[in-house]
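Below is one structure, written out as structure tokens; the observations come after it.
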Amino acid sequence: MVVKIIQIILYPLMALMIGIFFLGLARKIMARIQWRYGPPLIQPIIDMIKLFNQNSVSHGFMFNFGIIFSLVGSVIVVLFLPFGGICPLSSSGGLLVILYIMLFAPLGVALSGGEGANPNISIGISRKLILALGYEVPFLLAILAVMTHYETISIVEVVKIQQNAGWAIFSLPLFLSGIAYLMILPAILGLRPFDMASAPQEISSGPMAEYSGKFLALMSIEHAFGLFIGIALFVNLFLGGASNALIFFFKMLAVFTALICVNAVYPRFRIEQALKYLWKWPTLLAFTGLVIVSVIGR
Amino acid sequence: MSLQILLIIAFGGAFFTYFLGKFSSRARDFFAVLVSLALLIMVGSLYGGTSYDIFYTGFFNLPLVLKLNTLSWFFAITITIIGTCSIIFSLSYMKGRERTDFYYFMMLLVNAGMLGIVFSGDLFSFYIFWEIMSWSAFLLISYNKGPALAAGMKYIIMSVIGSMAMLIGILSIYANCGTVIISEIASFMPSASSGYILFILALFFIAFGIKNAILPFHTWLPDAHSQAPSPFSAVLSGILIKMGTYGFILIFYSLMGMKFFLDFGSGIFNFHYILCWLGVITIIVPTFIALLQNDAKRLLAWHSIGQIGYIILGIALGTSMGIVGGMFHAFNHAIFKALLFLTVGAVEYRAKGVRDLNSLGGFIKKMPITFFGALVGSLGIIGIPLTNGFVSKWLIYKTLILENHPFLAFAAFIGTWGTLLSFYKFLHNMFLGQLPEKYKDVKKAPVSMQFPIIVLSSIIILFGIFPGIPLKVINTITTSFGFESLNITIWGIVSETGTLNMINIFFAVFIMGIIVWTLFYAGKKSVTVSQEDNYAAGAHIPKEKYHYTVDFYNPLYRIIKPFLKDIISDFYYWLVRVVHKFCDGIRRLYTGDVGDYVLYIIFFLTSLIFIQLRWKPW
């Protein structure tokens with residue numbers, strides 16, 4: 001019991017640290033690819049502390065509440081995700097609950113931004129939700145393939161089975177689903193070429209347009225958690241999870257570095273282009289994967 | 001005995017309300033609320049009881065039966081909760097409008113009819129109450145006149161077709177078994193030929209399908225829901241269409257029996273499997289059509305069809321978890337859809353009848369309680385954890401995945417995303433964003449509107465955290481059908497294949513909420529400013545619309561719109577035109593000239609004589 005409480009407290013903090021590290025790393029890698037020196041790795045932390053001490057502007061109750069709501073959602077999802085051997089809330093509903101709590105974050109930001117009453121925010125949110133609908137199609141197909149193949153809705157079980165049977169992405173029935181998931185991972189994380197929701201040059205960072213001070217700080221915390229969740233879910237479902245935290249971290253790091261390299265060289269899609277991409281190849285692959293799983297898998 | 005008293009109060013109260021209204025409108029309002037509250041309390045006190053009594057035998061010597069069991073209690077309590085809430089809501093919504101006596105009379109009559117349906121133990125009284133409900137609903141739908149009249153016509157034509165199908169089914173059952181008492185028919189069913197069963201199923205499928213608005217019988221619903229007065233839309237979407245669900249449960253599991261129903265048909269043509277796919281189509285297409293709507297009530301109406309898909313899916317799955325999920329979703333949908341219609345009603349009331357999503361905005365500042373209700377209702381219909389909608393959807397999804405129906409599960413999941421998108425649009429366009437200049441003086445919703453909104457919102461959250469309370473009742477129903485009992489705790493469901501525990505989630509959310517909130521308030525305090533101050537950086541900007549609402553999901557619309565034609569509705573209209581043309585042709589025979597009629601008679605007689613001479617049939 002005591003161990004569990006300590007886990008519940010420390011695990012999100014660790015996830016936050018990893019997320020922030022990724023944010024810093026992303027800037028560094030991007031800079032090096034573009035032949036710049038780049039800011040120090042701890043720059044995101046410096047920014048956050050600075051932002052917390054700055055003045056900020058609010059637009060009312062929902063503006064404040066939405067961002068808290070979305071951050072709470074992200075932390076809870078983290079508690080459900082196994083990290084190596086750690087998973088404090090494993091017995092409360094499994095992957096289905098994760099899928100649903102993952103709705104907290106976009107919905108919270110959307111509700112908060114909505115009260116900001118800035119057309120740029122609304123456009124950004126509209127794009128974000130359309131994009132989400134876009135990647136949800138292959139995402140759900142891939143996740144359902146995993147759940148159907150392993151005959152469980154518990155993510156801990158999925159990891160446990162992979163420990164014995166090998167990584168899902170390299171196993172025959174789930175290979176296509178894994179590839180499809182990898183193809184949509186940038187969209188899930190909002191990295192280029194799928195960063196149209198927060199396009200800074202077109203719509204002043206979209207949902208974040210009205211945020212200042214501590215709101216921005218909370219948004220970057222939220223962003224850090226978002227990175228952690230997106231990658232950790234992929235590692236758990238398709239890269240076999242890990243038996244200890246260190247290996248898990250390195251798996252995440254490898255995936256993230258690859259994604260950042262894509263992010264550094266691609267321009268931004270328009271939203272229609274993104275939808276067409278997401279509903280074409282990844283969906284086709286994931287769909288075929290699910291057909292294979294439901295025909296051969298049993 | 002007590003059921004008879006209950007129905008007498010329900011019907012008598014309705015009539016008495018009408019006459020009371022002729023003397024004093026205050027007394028009438030008071031009495032209407034009193035009747036609905038009394039019904040709520042009476043139904044509540046019947047919990048756990050069972051009874052069976054023959055109340056009348058004079059109708060062709062058929063015993064007409066009233067029965068009480070957990071299934072009927074479950075639907076009755078839903079009816080009375082929604083009924084009471086919408087009556088209370090009507091108090092200010094209907095104030096100052098014409099024909100209010102008639103309105104309250106019909107509202108109470110619909111409720112009474114529905115109570116009659118769930119308590120009737122034989123098919124004839126079922127049919128009678130069904131007709132009372134259908135016709136009073138018609139009068140309420142067309143209450144507003146104008147386009148509402150057309151919507152009402154559409155509804156009643158389809159409803160009559162359904163009723164006729166049901167009547168044929170009932171008469172056929174009576175001719176074959178000699179009884180109309182449901183429990184007695186059930187013992188006859190296994191010996192019937194499968195062709196006959198299919199015939200009966202098809203007839204009742206049409207009857208209940210039309211009321212339940214599953215594809216392809218949904219076309220009456222969007223018009224009827226959006227044109228009816230808002231408190232009645234809540235009843236209509238909340239429970240009236242659930243009478244179809246009740247009928248399905250009755251036919252499938254009470255009349256046919258679980259084993260018989262699940263084994264009906266073979267392979268992929270198994271009846272319940274086909275019904276599952278129908279449910280899934282009913283989820284996806286209407287949900288995405290809803291995304292395109294600009295009228296708030298029309299959006300909700302299309303979502304009613306979509307959510308019915310989930311209910312049908314759960315019920316047709318035929319596992320204990322699936323049917324528990326389906327029935328719980330029926331209850332949940334009643335609660336949150338009624339709540340959403342009431343919030344739209346409140347906004348409509350304050351915005352002087354405007355419910356166009358493109359011209360509202362910023363109402364959160366003026367009507368915070370209403371916004372809160374709309375938010376909770378939206379979270380419920382999306383199925384966010386800690387709302388009741390989550391638990392029922394979780395049960396359905398889990399069944400789908402573990403029973404190896406991944407494609408059905410996928411469709412249901414995508415339906416949830418469609419719901420999320422359209423309900424964000426709903427909240428954003430109506431409550432968030434910029435408040436139009438002409439609504440600067442809008443006041444809060446009246447207390448009699450806020451009260452039902454608060455009650456329904458609390459039910460959503462309460463049963464989201466303690467799903468065990470309603471699930472225990474539903475579990476009793478499903479075990480009485482012969483399904484295995486689920487291990488239900490007050491927090492959720494325990495099973496080997498995955499446990500659901502809402503209290504863990506609740507505490508996690510609660511504690512994390514406190515931590516994040518502390519973090520938020522530890523930061524420097526923020527200044528609340530109006531929209532122009534930040535957006536225009538204090539500079540003067542013309543007072544115009546700065547609210548991105550029209551075509552909110554434009555890029556998406558452009559891609560999905562070609563696929564979302566309501567082909568079925570077009571088909572029905574085509575059918576109407578064909579019938580119209582045909583009848584018009586027949587009408588031309590009736591020229592009104594006596595000479596022509598004499599000619600017809602002579603022609604007819606000659607042809608008879610000719611036939612007799614040629615073939616000698618007589």
Inset, instruction - Please report the base-10 log of the normalised intensity I(q)/I(0) for segment A:2-296, using a Debye sum with one equal scatterer per alpha carbon and no solvent, at each q in 0.09, 0.10 (1/Å). - result: -0.43, -0.53
Inset, instruction - Take the eigenvalues of the Cα gyration tensor for segment B:283-374, scale each by 5, and report the square roots as semi-axes in whole Å, largest first. - result: 30, 15, 8
Legend entry - Tilt relative to chain B, helix B:567-587 - C-alpha long axis, 0 to 90 degrees, to 10: 40 degrees
Legend entry - Radius, Kirkwood style, for the protein assembly as shown when every pair of distinct Cα atoms is counted (Å): 29.4 Å
Inset, instruction - Could you work out the local net charge near B:Ala186, counting Lys and Arg as +1, Asp and Glu as -1, over the other residues with Cβ closer than 13 Å to its Cβ? - result: 0
Inset, instruction - Report, in whole Å, the centroid distance computed from the Cα atoms of segment B:498-574 and segment B:451-485. - result: 29 Å
Legend entry - Zero-based 5 Å bins, Cα pair distances in segment A:7-70, whole percents: 4, 14, 14, 18, 18, 16, 10, 5, 1
Inset, instruction - Can you list which of the trypsin sites (Lys or Arg not before Pro) found in segment A:1-50 are DSSP loop residues with at most 14 other C-beta atoms within 10 Å? - result: A:Arg36
Legend entry - Protein heavy-atom accessible area occluded, B/A pair - total, 1.4 Å probe, Å²: 6400 Å²
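Given DSSP loops and a limit of at most 12 other Cβ atoms within 10 Å, what is the longest stretch of chain A that contains no such chymotrypsin sites (Phe, Trp or Tyr not before Pro)?
A:38-298
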Inset, instruction - Among B:Pro436, B:Phe19, B:Thr100, pick out the residue whose Cα is farthest towards the positive end of the charge dipole of chain B, where Lys and Arg carry +1 and Asp and Glu carry -1 on C-beta, about the Cα centre. - result: B:Pro436
Legend entry - Along each principal axis, Cα extent of chain B, largest first, Å: 105, 64, 57
Legend entry - Label-to-label distance, nm, for residues given as B:His580 and B:Ile490 (7 Å Cα→Cβ offset): 6.0 nm
Inset, instruction - With a ≥ b ≥ c taken as the square roots of the eigenvalues of the C-alpha gyration tensor of segment B:356-426, please select rounded if a/c is under 1.5 and otherwise prolate if a/b is larger than b/c or oblate if it is not? - result: oblate
Legend entry - B:Ser142 accessible area, 1.4 Å probe, all protein chains in place, Å² to nearest 10: 10 Å²
Inset, instruction - Using the heavy atoms of the protein chains and a 1.4 angstrom probe, tell me the accessible area per residue for the protein assembly as shown in square angstrom. - result: 38 Å²
Inset, instruction - Using Cα pairs closer than 8 Å and at least 6 residues apart in sequence, work out the relative contact order for segment A:2-296, in percent. - result: 29 percent
Inset, instruction - Using label points projected 7 Å from each Cα along Cα→Cβ, tell me how many nm separate A:Trp279 and A:Ile9, to one decimal. - result: 4.9 nm
Inset, instruction - Report, please, the projected area of segment A:120-181 averaged over directions, based on the convex hull of its C-alpha atoms, in nm². - result: 5.0 nm²
Legend entry - Gain upon complete extension [B:Phe269, B:Asp533; 0.36 nm per residue less C-alpha separation]: 88.7 nm
Inset, instruction - In nm, give the distance between the simple-model label positions of B:Trp517 and B:Ile567, each being 7 Å from the Cα along the Cα-to-Cβ direction. - result: 5.2 nm
Inset, instruction - Using a/c under 1.5 as the rounded threshold, could you call segment B:10-56 rounded, prolate or oblate? The axes a ≥ b ≥ c are square roots of the C-alpha gyration tensor eigenvalues, and prolate needs a/b larger than b/c, oblate otherwise. - result: oblate
Inset, instruction - Return the average number of partner chain Cβ atoms within 10 angstrom of each residue Cβ along peptide B:489-496. - result: 1
Legend entry - Cα long-axis angle, helix B:320-350 against chain B (0 to 90 degrees, to the nearest 10): 70 degrees
Legend entry - chain B, helix-only ellipticity at 222 nm - DSSP H runs n ≥ 4, -39,500 (n - 2.57), divided by all residues, nearest 500: -23000 deg cm²/dmol
Legend entry - Helical contribution to [θ] at 222 nm, DSSP H n ≥ 4, -39,500 (n - 2.57), averaged over chain A, rounded to 500: -24000 deg cm²/dmol
Inset, instruction - Give the longest segment of chain B that steers clear of trypsin sites (Lys or Arg not before Pro) in DSSP loops with at most 14 neighbouring Cβ atoms within 10 Å, not counting the sites themselves. - result: B:146-351
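Per residue of A:179-187, count partner chain C-beta atoms within 10 Å of its C-beta, then hand back the mean as an integer.
Other-chain Cβ atoms within 10 Å of each residue's Cβ, averaged: 0.
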Inset, instruction - Report the semi-axes of the equivalent ellipsoid for segment A:169-244 in whole Å, largest first, where each axis is √(5λ) for an eigenvalue λ of the Cα gyration tensor. - result: 31, 16, 5
Inset, instruction - Using the charge dipole of segment B:527-618 (Lys, Arg: +1 at Cβ; Asp, Glu: -1 at Cβ; taken about the Cα centre), state which of B:His547, B:Gly585, B:Ile601 has its Cα farthest towards the positive end. - result: B:Ile601
Legend entry - Helix B:271-291 vs. chain B, principal-axis angle (Cα, 0 to 90°, nearest 10): 50 degrees
Inset, instruction - Within the set of other residues whose C-beta is less than 14 Å from the C-beta of B:Thr499, count the net charge using Lys and Arg as +1 and Asp and Glu as -1. - result: -1
Legend entry - Exposed GluC sites (Glu not before Pro) absent - longest run of chain B, DSSP non-H/G/I/E/B, at most 13 other C-beta within 10 Å: B:99-483
Legend entry - Sulfur and carbon atoms: percent of accessible area, the protein assembly as shown [1.4 Å]: 70 percent
Inset, instruction - Binning at 5 Å from 0, report for segment A:46-149 what percent of all alpha-carbon pair distances ends up in each bin. - result: 2, 11, 14, 18, 19, 15, 11, 7, 3, 1, 0
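The values are calculated or read from the model by the stated rules, or taken from the named source; none is laboratory data. Predicted, not measured: the structure shown is a model, and the values here were computed from it. Here Cβ is always computed from backbone atoms with ideal geometry, including for glycine, and neighbour counts include all displayed protein chains. In case anyone asks, the SASA skips ligands and DNA or RNA and just uses the protein heavy atoms, side chains included. Shrake-Rupley method; radii C 1.70, N 1.55, O 1.52, S 1.80 Å.
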